[in-house]
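The structure under discussion appears below in the form of structure tokens.
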Amino acid sequence: MSNFFKTSDSNATFVGNMLRGVGQVMFQKNGWTGLFFLCGIAWGAYDSGTIDVAWGALVGVFVSTITGYLLGLDREDGDSGLWGFNGVLVGCAMMTFLDSTLLTWIALVLCSALTVWVRLALNNTMKSWKVNSFTFPFVTSTWIFLLASRALHGMPADSLPSPHLPGYFDWTVSLAPLDLVVYWLKGIAQVFLIDSWETGILFLIGLAVSNIWAAVWAAIGSAVALVGAILFGAPGELISEGLFGFSSVLTAIALGATFYRPSWGSAIWALLGVIVCMFVQLATDLWLEPIGLPALTAPFCLTTWIFLLPLFKFGEHKHQVDHSDWHKHTATTKKE
């Protein structure tokens, strides 16, 4: 058993790998960041009366992390948390949209494990393009299980959006300063599908513990998406719940603090990516409305691929190293 949990890093442990997996959702190879994220998830889930979301996050990251060991995958990936980040998102999403039944939990375990080899398959396919699959294994695997749930009585999908054609929506939203701050913080919290401004604060702290630039860009990403959504008259309900912010937050961290070194050129490029992501978010939402599926983090993946594939250079450019394995770019972040 001791050989089974043997790692490539003498400082790495199974629990540490799980925590780093949670942190890697926002590109941070840092166990303390993961712990702050889990605390944020737990607080938001408890406060909203959906504590199963927090348990789902724990089960998801545990299952996906242990699946990496069982499959004998690259231990450096495991030590960096790259087995677990899709799994934790699966746990949050399935417990958000599906009723908590025994069969739902079994499906959550299957889906979390599936993301590990889907990630490996997509990364092998996309490596020649010098891009990473990011959270797309979570997106594709969760879409499959959520869509299937509509035909399965054992996995009630009572919280999934009702399938409908795009139509009229109310674009009015409160512009009171305190309300805008709440929307901004919720945009950060919604990365893990949590509707809580307090969670957004904990996420920012967790990012700052690892990489101050990541925290800055997360804040910028949510703020820019919020301003853009208000200016263009996006649906008020989506704005107030922070649902225009989360993909922009991930895009901002990826372009502004992970795959490009901070510079004026990369900052402008990242801001442009955040703005484009807002439109991709709404387009994806409308595309999926007729089948009643949430966009999840697909807008982030699509936008970030679009802005990484050109391989533009801004000063000392991180694309000089193959970024298909992003743990190579987070090696300088603090580690517990």
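Bear in mind that the values in this text are calculations on the coordinates, not laboratory data. From a predicted model like this one, the values you see are computed outputs, not experimental measurements. Note that we place each Cβ from the backbone using ideal geometry, even for glycine, and neighbour counts take in every protein chain shown.
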*When the Karplus curve 6.51 cos²θ - 1.76 cosθ + 1.60 is applied with θ = phi - 60°, which whole-Hz ³J(HN,Hα) does each residue of region 40-51 get, with x for Gly and Pro?*
x, 4, 4, 5, x, 5, 5, 5, 9, x, 10, 4
*Sorted by average packing, counted as other Cβ atoms within 10 angstrom per residue and highest first, what order do 13-22, 250-259 take?*
250-259, 13-22
_Among 185, 231, 82, which one shows the highest mean-square fluctuation when the chain is modelled as a Gaussian network with alpha-carbon springs under 10 Å?_
231
*May I ask which residue of 57, 243, 232 lies farthest towards the positive end of the charge dipole of the chain, with charges of +1 (Lys, Arg) and -1 (Asp, Glu) on Cβ and the Cα centre as origin?*
57
*asked:* Please check: in the Gaussian network model of the chain (C-alpha springs, under 10 Å), which one of 183, 260, 46 has the largest mean-square fluctuation.
replied: 46
*Kindly rank 118-131, 29-42, 285-298 from highest to lowest mean number of other beta carbons found within 10 Å of each residue.*
29-42, 285-298, 118-131
*Order these peptides, 193-200, 302-309, by their mean beta-carbon neighbour count within 10 angstrom, highest first.*
193-200, 302-309
_Using Cα-Cα distances under 8 Å and only pairs 6 or more residues apart, what relative contact order does the chain have, in percent?_
20 percent
*Please give the calculated 222 nm ellipticity per residue for the chain, where each DSSP H segment of at least 4 residues contributes -39500 (n - 2.57) and the sum is spread over every residue; nearest 500 deg cm²/dmol?*
-19000 deg cm²/dmol
*asked:* I'd like the distance between the alpha-carbon centres of region 208-225 and region 104-132, rounded to an integer number of Å.
replied: 26 Å
*Pull out the extension gain between residue 100 and residue 306, defined as 0.36 nm times the separation in residues minus the alpha carbon to alpha carbon distance; nm, one decimal.*
70.5 nm
